[in-house]
Amino acid sequence: MSTNRVAVVEQRLDSYLSSATSSAVRLRPEDVVSSGSSLTARKAIELFEDQVLSRALDVEARELKRKGLGFYTISSAGHENNAVVGALLRLEDPCFLHYRSGGFMMARSRLAPDVTPNFDSLLSLVASKDDPISRGRHKVWGSRRLWVPPQTSTIASHLPKAVGLAMAIARGRRLTFDTGLPIDTIVMASFGDASANHCTALAGFNAARFVNRRGRPLPILFVCEDNGIGISVETPHGWIEETYANQGHLQYFRADGELPSVWEACKAAVEFCRGTRRPTFLHLKTTRLWGHAGSDVETTYHSLEQIEALEARDPILRNAQFLIESGAAEPQELADIVRETRERVAAASVEAVRRPRLVQRAEIAAPLAPWNEAAVRARAARVVSPEVRRECFGEALPEHAKSVAKRTMAAQINAALHDVMLQYPETLIFGEDTAKKGGVYGVTQGLQKRFGLARVFDTLLDETTILGFAQGTAHVGFLPLPEIQYLAYLHNALDQLRGEACSLSYFSAGQFTNPMVVRVQGLAYQKGFGGHFHNDNSIGALRDIPGLMLAVPSRGDDAARILRGAVATAKECGRVVCVVEPIALFHEKDLHEDGDNGWLTDYPPPSRDPASVLLPGDVGVYGPQNKDLLIVSYANGLRLSLRVARMLEREKGLKIRVLDLRWLAPLPFDAVRKHADECGKVLVVDECRATGAGIADAIIANLAEQGTRAKLRSVRAADCYVPLGSAANAVLVSQDDIVAAVQEIVS
């Protein structure tokens, strides 16, 4: 048995073309290749050219890897009939692609003659920074010119955002908002049969069907490239058809057989989706040649007979046979296409390996977290006129409110959301219970009534879908503010931030962004209510995401100013920003004792004053002249720390300075070091769990590494889920814990 199955497949094609006999019939370029088909001989030969180019690139990828010059060998070999879909879609149809989409990309590139798919693909394979999409950061299929955002996922986690973009097209029309796309645009998302089983893919299908069931248009074309196997695990025969052929609100099409049949089935699916604006499922039968990737030893799970059976279904060989037998092409014509294509790829490969690669850390990370503070502050300063605000709020502007209920954190966030919606007409607010109900805690009350159902709406109960909607709408110019009802719920969908939203700018070198502000209601201290799922005291998974910005306000006025800064940052820098709002402080009124109203604040109206916005590094400092001890904290911990500071000043005469971090990613290390050096003793009060869940470890490590002479301590919550009832008090940071730590560090 030959171990080089690539050579076997290549030689079989060459052997056939060298021995094939011309058909007695010769079709003209404009003739259809078979009765009942709209596929012309010219288009069929173009498809063959595109498929051969994709195959030649796959072969060269393995050769580059063998020489130590290339870094990616997951090929499109056997999937080349996806070129048909690429040829049938328009350049204005956004496409989220499966990683075996070489044929598709070659065919789609014909729509933009200025694109060089051969050389571009090779630059990506060798990780050159001249690669026009990722600039050497990953091998991805993507192009700004071709409207193909790069995807790196193998588990179809791009489906929810594709659904979100399809939803945004219709929503843009309702709002007369220019998405930059024609009204009959459709969105395509392709994936493998194994990935179709993943929960994220299922969320995408479900969301599409749900939206359509509610009577809303959703022009998305799901393309399942079914090769019958996921790495080494076979997909049961007929599984995809059994699962998706009879789903309500999802029209099913199957593409299999000879090239004209594949063309007609794909054409019917595209036309149905475009004409009806309904979710469409195209089941494209493929095969997988040469294993999962170059490193995959296929003989460990397939016999020689099975491998040869797969190779016999090689679509390029079958298409060559059809073109010759139908009279669409001569054997020598196709042989010349194969030879010339291989030569072009080989020549381009020589040049690609000469091109420079990324070396410097700063250059590599540059598109991950773009930041321009001056531009963000300028953006935030573009406030609406007083007349517009009065029309929105009536004569009772929030900054004039005197009642307790109007001065809580929940009320201040609500007012800030109204102002944001006024200032940015492209903003959308959505989530579970956010619209009619106004949120579980009333934070979004009145927004739908004021701004309408198209801008403030309820979603189905699925965090993956909510974040998918956010990404998709952001792709076409909306500025989404999705709400996640509880912090623990976010973990159900964290990969939509980690693997999708925050990676997009990085893998596209900033050419694609999905700016958004994700509002998450969370943290603990709800007097024992709800247990763990409503009292999740861990932000570690958020701080771990590269490029994600994270803020946690402590007071109502700060919450409003942070929200403005977050929205301006998302808009100006294309960033993904998460604001965790501490539920326990939403309706809190008092600080030191019952009835003191010390936790109520006046609403800071939007203005051109830089102080009306809080950005990373803008820390809050209480007792700036005090130097006996610095307490560093945030959210509920700040409130507890301020209580301790006053109590110990009265009882012990200690002059304690308290610093509110406000932004937890990036952390304000410079500000903390400055105050630490002035005070000489530092206590970090971190309400999150002790191990990796909060910020104490990072703050203390930074101070130590920077050589501070300050004495360092921390108070953290127990490494335990939050229980129900009064037992919660035993695992959370308490006022007594802080007092004991202060006494220990100052003794």
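The values are calculated or read from the model by the stated rules, or taken from the named source; none is laboratory data. None of the values given here were measured: they were computed from a predicted structure. Reconstructed Cβ throughout: ideal geometry from the backbone, glycine too, with neighbour counts over all protein chains shown.
For the stretch 589-628, the set of residues classified as in a helix (DSSP H, G or I) and either without any contact (Cβ under 8 Å) to a residue 60 or more places away in the chain or not hydroxyl-bearing (Ser, Thr, Tyr) (or both) consists of 610, 611, listed by residue number. Given the criteria more than 30 Å from residue 565 (Cα to Cα), surrounded by 14 or more Cβ atoms within 10 Å (Cβ to Cβ) and either touching an Asp or Glu at 6+ places or on another chain (Cβ under 7 Å) or assigned by TED's automatic domain parsing to the domain that holds residue 102 (or both), does residue 350 qualify? No. Residues of the stretch 318-347 that are aliphatic (A, V, I, L, M), in contact (Cβ under 8 Å) with a residue 60 or more places away in the chain and either on the phi > 0 side of the Ramachandran plot or surrounded by fewer than 17 Cβ atoms within 10 Å (Cβ to Cβ) (or both): 346 alone. Set side by side, the residues 96, 71 differ, and just one is in the same structural domain as residue 290 (by TED's automatic domain parsing), surrounded by 24 or more Cβ atoms within 10 Å (Cβ to Cβ) and either over 21 Å from residue 188 (Cα atoms) or of a type in the set (Phe, Trp, Tyr) (or both), which is 96. Of the residues making up the stretch 268-298, those that are assigned to a helix (DSSP H, G or I) and touching a residue at least 24 places away in the same chain (Cβ under 8 Å) are 269, 270, 273, 274, 276, 298. When each of 362, 346 is tested for being more than 30 Å from residue 102 (Cβ to Cβ) and in a helix (DSSP H, G or I), the lone residue that passes is 362.
Name the one entry in 530, 510, 565 that is surrounded by fewer than 24 Cβ atoms within 10 Å (Cβ to Cβ) and either assigned to a helix (DSSP H, G or I) or at pLDDT below 95 (or both). Exactly one residue qualifies, and that residue is 530. Here residue 51 clears all of (1) over 27 Å from residue 160 (Cβ atoms); (2) part of a loop (DSSP other than H, G, I, E, B); (3) among the polar types (S, T, N, Q) except the condition numbered (2).
Within the stretch 639-656, the residues that satisfy the criterion of being out of contact with any strand residue (DSSP E or B) (no Cβ under 8 Å at 6 or more places or on another chain) and within 19 Å of residue 597 (Cβ to Cβ) are 639, 643, 646, 647.
Scan the stretch 686-729 for residues that are in contact (Cβ under 8 Å) with a residue 40 or more places away in the chain and at positive phi and the total you get is 2.
Selection of first residues in the stretch 128-141 that are of a type in the set (Ser, Thr, Tyr) and of second residues that are surrounded by fewer than 20 Cβ atoms within 10 Å (Cβ to Cβ), restricted to Cβ pairs under 9 Å at least 6 apart or on distinct chains, gives the following pairs, ordered by first then second residue: 128/353; 128/354; 128/355; 128/356; 128/357; 128/358.
Of all residues in the stretch 421-442, those satisfying the criterion of being assigned to a loop (DSSP other than H, G, I, E, B) and either over 14 Å from residue 570 (Cα atoms) or outside the structural domain of residue 453 (by TED's automatic domain parsing) (or both) are 425, 432, 433, 434, 435, 436, 437, 438, 439, 440, 441, 442.
Can you name the residue in the stretch 111-127 that is touching a residue at least 60 places away in the same chain (Cβ under 8 Å) and not in a loop (DSSP other than H, G, I, E, B) and, of all such residues, is surrounded by the most Cβ atoms within 10 Å (Cβ to Cβ)? Selected residue: 121. If I ask for residues that are touching a residue at least 12 places away in the same chain (Cβ under 8 Å) and not in a helix (DSSP H, G or I), which ones from the stretch 303-317 would you list? Scanning the stretch 303-317 gives 313, 314.
Report whether or not residue 662 is touching a residue at least 60 places away in the same chain (Cβ under 8 Å) and buried (at least 18 other Cβ atoms within 10 Å of the Cβ). Taking the combined requirement at face value, the residue satisfies it.
The condition of being under 26 Å from the mean Cα position of the chain (by Cα), acidic (Asp, Glu) and part of a helix (DSSP H, G or I) does not hold for residue 387.
Cβ-Cβ contacts under 7 Å between residues 6 or more apart (or on different chains), taken from a first residue in the stretch 231-257 that is among the charged types (D, E, K, R) to a second residue that is surrounded by fewer than 17 Cβ atoms within 10 Å (Cβ to Cβ), are listed as 254/241. Screening the candidates 352, 375, 396 for the property of being among the hydrophobic types (A, V, I, L, M, F, W, C) and over 30 Å from residue 418 (Cβ atoms) yields one hit, 352.
Step by step: first the residues of the stretch 154-164, then only those that are surrounded by 24 or more Cβ atoms within 10 Å (Cβ to Cβ), in contact with a Ser or Thr (Cβ under 7 Å, 6 or more places away or on another chain) and of a type in the set (A, V, I, L, M), then the one that is farthest from residue 212 (Cα to Cα). Which residue is that? By that ranking, first place goes to 156.
Report, by residue number, each residue of the stretch 238-267 that is in a helix (DSSP H, G or I) and either of a type in the set (Phe, Trp, Tyr) or closer than 20 Å to residue 195 by Cβ (or both). 239, 240, 241, 242, 243, 244, 263, 266 - these are the residues of the stretch 238-267 that are in a helix (DSSP H, G or I) and either of a type in the set (Phe, Trp, Tyr) or closer than 20 Å to residue 195 by Cβ (or both). Checked against the criterion of being under 19 Å from residue 342 (Cα atoms), out of contact with any His (no Cβ under 7 Å at 6 or more places or on another chain), crowded, with 18+ Cβ neighbours inside 10 Å and assigned by TED's automatic domain parsing to the domain that holds residue 108, the stretch 24-42 has no qualifying residue. Residue 209 meets each of the listed conditions (1) over 26 Å from residue 184 (Cβ atoms); (2) in contact (Cβ under 8 Å) with a residue 12 or more places away in the chain apart from (1).
Just the residues that are touching a Cys at 6+ places or on another chain (Cβ under 6 Å) and closer than 23 Å to residue 168 by Cβ, please, taken from the stretch 72-94. Selection gives 85, 88.
Residue 288 - would you say it is more than 26 Å from residue 60 (Cβ to Cβ), crowded, with 16+ Cβ neighbours inside 10 Å and either among the basic types (Lys, Arg) or modelled with pLDDT of 95 or more (or both)? Taking the combined requirement at face value, the residue does not satisfy it.
Taken as a whole, the condition of being assigned to a helix (DSSP H, G or I) and over 21 Å from residue 14 (Cβ atoms) applies to residue 64.
Quick check on residue 629: is it under 32 Å from the mean Cα position of the chain (by Cα) and modelled with pLDDT of 95 or more? Taking the combined requirement at face value, the residue does not satisfy it. Specify the residue that is nearest to the chain's Cα centre (by Cα); the eligible residues are those in the stretch 391-420 that are β-branched (Val, Ile, Thr) and in a helix (DSSP H, G or I). Per the stated criteria, the residue is 420.
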